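This report concerns only the one structure given below.
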Amino acid sequence: WDNADFSRGVGTTFYQEFLTLNTAKPPFVLDVEAKVRRYLRSSYSAAWTLKITWEKAPAYAARTDTRRTNTYQAVLTTDGFRSYILMLYQAGGMGWDYTRLPATSVLIGYT
């Protein structure tokens, strides 16, 4: 989620925290738990989850192009012992023109 540039007033970032240690879990947290269980083939019950969304974020430097944007999320979750992150991207992948970015080695995901 690097190199987004909100300096031109295009796009937004917001977050939602879910404290679920001793409370009923909303559908979003149940979905996160199901994904962790499915991808890692292990039992998992979230105690805390944080969803961060970057919506219609233009690439750095926004002065060159604010029309091509990305929407993506990071979901951090923990049961108090193990922690995970889900990185979710808009359908179609990278919306930025990566040939115009300052960095030449563009990745979606992590290394």
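The values are calculated or read from the model by the stated rules, or taken from the named source; none is laboratory data. Fair warning: this is a prediction, and the values are worked out from it, not measured in the lab. With ideal geometry, Cβ positions are generated from the backbone for all residues, glycine too; neighbour counts draw on all protein chains shown. These accessible areas exclude ligands, DNA and RNA; they are computed on the full protein's heavy atoms, side chains included. Shrake-Rupley method; radii C 1.70, N 1.55, O 1.52, S 1.80 Å.
Among the residues of segment 70-101, those that are open to solvent by 60 Å² or more (accessible area, probe 1.4 Å), of a type outside the set (A, V, I, L, M), on the phi < 0 side of the Ramachandran plot and not in a strand (DSSP E or B) comprise Phe81, Arg82, Tyr98, Thr99, Arg100. Scanning segment 58-91 for residues that are without any contact (Cβ under 8 Å) to a residue 24 or more places away in the chain and either of a type in the set (D, E, K, R) or farther than 25 Å from Leu40 by Cα (or both) yields a single hit, Arg67. Just so you know, in segment 1-16 the residues that are open to solvent by 100 Å² or more (accessible area, probe 1.4 Å) and touching a Ser or Thr at 6+ places or on another chain (Cβ under 8 Å) include one that is modelled with the lowest pLDDT, and it is Arg8.
Residues that are open to solvent by less than 10 Å² (accessible area, probe 1.4 Å) and aromatic (Phe, Trp, Tyr) within segment 20-69 comprise just one, Tyr44.
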